Every structure is written in C-alpha cells, then in structure tokens.
Amino acid sequence: MTRKIALAIPDLRGNEEKYVADAVRSSWISSSGVYVDRFEQEFAAFTGSGHVVGVCNGTVALHLALLALDVRPGDEVLVPSMTYIATANAVRYVGAEPVFVDVDPETWCLSPSQLEKSITRRTRGIIAVDLYGHPADMDAINHIAAVNGLWVVEDAAEAHSATYKGRPAGGLAKIGTFSFYGNKILSCGEGGAVVVNDPYLYLRLKTLRGQGMDPERRYYFPVTGYNFRLTNVACALLCAQLERREEILSCRREVFRLYREQLQEIGGLGFQPIADWAVPAPWMFCLTVDPAGFGHTRDELMRHLAENGVETRPFFIPLHTLPPFRQESARRGELLPVTDRLGTTGFNLPTHSQLTADDIGYICRLIKNFSPNQSR
Ligand SMILES: *Cc1c(COP(=O)(O)O)cnc(C)c1O
C-alpha cells in the first residue's frame, strides 16, 4: 500500500460553494459586488489595518505597492534572498533593482543588523518577508528605515494570522501585501490584497488598481493605471474562508504540534526558530537536515519520502543565485551565508487541514526509520 499525501490542499468545506453559487446567480461575477466590499472590510479587521485593496494575486499586490510608492528605474530595494521569487520580480517590474540581504538565523527573516550595510544613495525602501509564516522583526526594520528615510513593505503572503508583539502580521509596515494562492492558509485560488493605513496611499492604490480612473469622476483617467482587480466570485470564496479561519487555523496548528512532538527526538533535524515576540502562522511545516547528524542529506530524505508517496518541497532556492539576479548580486559582492545554508538544508512537509494524525504518524515514522543514526 502506498499512500499519496499532498503537500497542500485548500480547505473549502464551509460556505465556499454556496457563496460562489450565490455570486454566479446574482450575475455579479466581475470586480464589483457585495462579496468584494465584505471581503475588503473583514480583511481590514483581520489585519488591524485601515484599508484593504483586493487584487488578482500576491505578486500584483507587491507590484501595486511599489507603484503606489513611486519606485522608479535606478532605485534599489532591499529584499531577502530567502523568499519566493515574486518579492524580487516585483522590484524589477518597476525598473528598480533588488539588493539581497541575509536573514537572521533566529527568525529566518531579514536581518536588521545586516540591512544597514546594504543601504546606498540609491536605496528607497525595504521589502520585509514574513518567511514561512514567521513575522520579520518589524520594529527594528521600521526603525532602520525611519532613520534612513526609507519606506517598508511587509510581504505577509505566507503569514495570515501571525502576530508580532501581539499585532497582526501584514499590518506592521507602511504597506502590507498578501496572497491567496491555492497553497496559502486562506485561499481563493488566485488572489491577493494590499493593506494600508495612510489615506493618500489608499487612494493611489485604488486608482492604480482600476486603470487609473479618478475615484470621483467615472471614465476620467488622470494617470496610467492597471487592471489588477479581484473578482466578486473570488471574494465569495474569501468571505467563506474568513468565516472559518479559526477552524482552518486550529487544524493546521494541530498538524504543527504533532510534527514537533514526533520529530523532536530525531538527531540531525532542526525546526523553524520562533522568536519570543512572535506567534507564527501555521503555513508550511519546516524542517532542516544536518547530514552529519541525520545520516542522509535533505535531498536524500525528500527522495525517500517521495518514493513513499509523501510530497515535500525544498526551501526557496536563494534568489541571488538564480539567473535573473546572480550577475548583479555577484557584482555587488553579496555574501549570504545563512540564506545559502537554509537553501540547501531546508524543506517543507505536507501541511493542510485535511491531514490526519495517522498521516502524520506515517510521515514521521518514514523519517525516523530512514536515519541510520536512530536507535529504534
Ligand atoms: C505566494 C507568495 C507571493 C506571491 O503570491 P501569488 O499570489 O502566487 O502571486 C509573494 N510572496 C511570497 C513570500 C509568497 O509566498
């Protein structure tokens, strides 16, 4: 018997189908409608921010944030290299250059102590990423930004529900961005959001999202904008997801608890560190493999799990080593040892709300029995 255990599955067991059918029957399937308004209001409360602008995905959320901040060709934006490629791609979309900064070994997020060294005359801002659900040290990052006259965007795509010193992730910088892709904690398949408090930036974000149309004067376009809107059908899904967020989160927290409990004694494995000011979001369970202690490399363990029907995913390949970015990164002489180490040793285990305790026991036994160093 080989089981098949997927890495991620969206949880659509509540009112998702009902609300989508309702949106279809109402004929409001484009980007206006009751679900759009309801989602934007409820998500503002969820992230503790003044305003939410729904957009068609999380990459577009970052792009829109940078457009609203007037980032231009020649500008530099400090970003982590240990993140999904969208964070750096968005910087390129506005003609600017992502400059890569190492992460802190205690959070795996942007290292405040490394940031300052990378600031140049061209630096305009920082995109901090709440990696694998753990919030970045936003007070320290915001402080460095303020001292140097920079803005901060918080990419909270992976951190729905995380908190930093009791405050919701995503609402901790000048602008926050989210993704609702199929593998994110709350999902509508493809979707995203920008969250903001500043009323001027809110107006700019809304204008740029909707082809640059003047909010006070229909069909008059004072600026070049984009069509980055989110549909009422997608928002119907998101409203149903938000209704059941506690249920979805508590299932995922239980998955995290069981993994930690059953893997903690195995030599050579490491968990995601948790800062004492953080409550991370239970996005994807992270494991690092020290080959000396475990007896096999990360890739050998992933292959073994795949052969036994368990889907896993390696950590992000550090962006400064990828073809679109590596030449510029090398020219700047960037050294990112913590990022490089995580990139070769880390991977994610299946994490979703439909995993059973039995599935998790199966996965943990496979891992344990694979290590030649364990006493059985
Ligand atoms: C998922 C993700 C994004 C992009 O979201 P999409 O909705 O897939 O465009 C951006 N940043 C991070 C850190 C992500 O994990």
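The values are calculated or read from the model by the stated rules, or taken from the named source; none is laboratory data. It should be emphasised that the depicted structure is a prediction, and the values quoted were computed from it without experimental measurement. Please note: Cβ atoms are built from the backbone with ideal geometry, for glycine as well, and neighbour counts cover all protein chains shown.
Structure notes:
- Enumeration of residues in the range 365-376 that are surrounded by fewer than 20 Cβ atoms within 10 Å (Cβ to Cβ) and either aliphatic (A, V, I, L, M) or under 13 Å from Thr312 (Cβ atoms) (or both): Leu366, Phe370
- Under the condition of being under 20 Å from the mean Cα position of the chain (by Cα) and crowded, with 21+ Cβ neighbours inside 10 Å, the residues counted in the range 2-45 number 3.
- Residue list for the range 152-182, filter: closer than 18 Å to Gly133 by Cα, more than 9 Å from the ligand (Cβ to nearest atom), assigned to a loop (DSSP other than H, G, I, E, B) and among the charged types (D, E, K, R): Lys165
- Complete set of residues in the range 188-200 that are surrounded by fewer than 24 Cβ atoms within 10 Å (Cβ to Cβ) and either under 14 Å from the mean Cα position of the chain (by Cα) or away from the ligand (no atom under 14 Å from the Cβ) (or both): Glu190, Asn197, Asp198, Pro199, Tyr200
- Residue among Ile144, Ile185, Ile119, Ile126 that alone is outside the structural domain of Gly270 (by TED's automatic domain parsing), under 30 Å from Ala23 (Cα atoms) and more than 10 Å from the ligand (Cβ to nearest atom): Ile185
- Of the residues making up the range 225-257, just one is closer than 17 Å to Ala8 by Cβ, surrounded by fewer than 22 Cβ atoms within 10 Å (Cβ to Cβ) and among the aliphatic types (A, V, I, L, M), namely Leu249.
- Taken as a whole, the range 150-158 holds at least one residue that is surrounded by fewer than 24 Cβ atoms within 10 Å (Cβ to Cβ) and not aliphatic (A, V, I, L, M).
- Residues of the range 73-93 that turn out to be part of a loop (DSSP other than H, G, I, E, B) and either within 15 Å of the ligand (Cβ to nearest atom) or crowded, with 18+ Cβ neighbours inside 10 Å (or both), as a count: 6
- Val195 vs. criteria modelled with pLDDT of 95 or more and assigned to a loop (DSSP other than H, G, I, E, B): no
- Residue match in the range 325-343 (condition: surrounded by fewer than 16 Cβ atoms within 10 Å (Cβ to Cβ), assigned to a loop (DSSP other than H, G, I, E, B) and touching a helix residue (DSSP H, G or I) at 6+ places or on another chain (Cβ under 8 Å)): no
- Unique residue being surrounded by fewer than 22 Cβ atoms within 10 Å (Cβ to Cβ) and of a type outside the set (Ser, Thr, Tyr) when the list is Ile175, Ile266: Ile266
- Residues of the range 229-267 classified as assigned by TED's automatic domain parsing to the domain that holds Ala281, out of contact with any Gly (no Cβ under 6 Å at 6 or more places or on another chain) and among the small types (Gly, Ala, Ser), total: 1
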